[in-house]
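**Q** The structure under discussion is supplied below as structure tokens; questions concerning it will follow.
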Amino acid sequence: MAFISNHKVCVFCENNEIIIDYKEYKYLRKFLTETGKIIPGHVTGVCAKHQRRLTNAVKRARNIALLPYAIDPRNA
Amino acid sequence: MNYYETLYIVHSALEAGRLKDIVLTVEKSLKENGGEIVATEIWGKKKLGYYIDKQKYGTYILIQFKSDGTKNNNFNIHMEQNPSILAYMTVKIENDGIREQTEDLDTQIAGKEAKTSRTPRVEEKSTEEVVVEETPVKESKDEMGAEGVPAEAEVTADEKVEK
């Protein structure tokens, strides 16, 4: 789930070693809701620059079926 | 010249021999279309995010290549026409995203096969454990010592395996 806290700092700005890539689909799951939607940056604390890259990576992963487009929480 | 990578999903029911054939045909068509292969990586059988052609599982294969990009469209048409490829995606990558190929195709396929063949072995072990659990119940009727019984039962199980 999301990194919800009062002190919001972009995870990717803090740690430069984290690469945003569609092949790292297991890490991208952290930024999705339980129904498979992308969590907005103001909730997770991710800055605008990295949120753009994150959404692109998630959409690529969805295209090649690494991530689902939608998850039914009743079946999950 | 730019670097590209194609991630494609092969039907999971294909055997190791057929899988290698498909990988080789893809590489051949890539070379015909002016691509220079940098690395091929077999990820193995994975659960798909959603059903594709009524399939729940697929074998993921990543191929990275160097090309000027003019004939990538022809390569994509070849991938589209191959019936055993469920889905594919070609993406442009930067120089730092290039992976080094450490293992050959045969060793990669053999490694993935070994991982998948582990599951029946676990089932066999679980059946042995069931036998071990059954034996103390029979002996516990005669004797009240619960601690010594499983050790004897393990010995009997080992003897059975040796026989």
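**Q** Cα gyration tensor of chain A, axes a ≥ b ≥ c as square roots of the eigenvalues: rounded (a/c below 1.5), prolate (a/b > b/c) or oblate?
**A** Because a/c hits 1.5 or more and a/b fails to exceed b/c, chain A counts as oblate.
**Q** Can you sort B:ASP104, B:ASP96, B:ASP21 so the residue with the fewest Cβ neighbours within 10 Å comes first?
**A** Going from least to most buried by this count: B:ASP96, B:ASP104, B:ASP21.
**Q** Provide A:HIS7, B:HIS78 in ascending order of the number of other Cβ atoms located within 10 Å of each residue's Cβ, fewest first.
**A** A:HIS7, B:HIS78
**Q** Anything over 20 Å Cα to Cα? Flag those among A:LYS23/B:LYS112; A:LYS37/B:LYS46; A:LYS59/B:LYS92, in the order listed.
**A** In this structure, A:LYS37/B:LYS46 lie more than 20 Å apart at Cα.
**Q** Choose one answer from A:ARG29, A:ARG60, A:ARG52: the residue with the largest mean-square fluctuation in a GNM of chain A with alpha-carbon springs under 10 Å.
**A** A:ARG52
**Q** By count of other Cβ within 10 Å, fewest leading, how are B:LEU14, B:LEU30 ordered?
**A** B:LEU14, B:LEU30
**Q** In whole Hz, what ³J(HN,Hα) sequence does segment B:46-63 give by Karplus (6.51, -1.76, 1.60; θ = phi - 60°), x for Gly and Pro?
**A** For segment B:46-63, the Karplus curve yields 9, 7, 7, x, 7, 5, 10, 6, 6, 9, 8, 10, x, 9, 8, 10, 10, 10 Hz.
Only the coordinates and a few stated rules stand behind these numbers; no lab work does. On a predicted model such as this, the values are computed, not experimentally measured, just so you know. Glycine also receives a Cβ, built like all others from the backbone with ideal geometry; neighbour counts cover every protein chain displayed.
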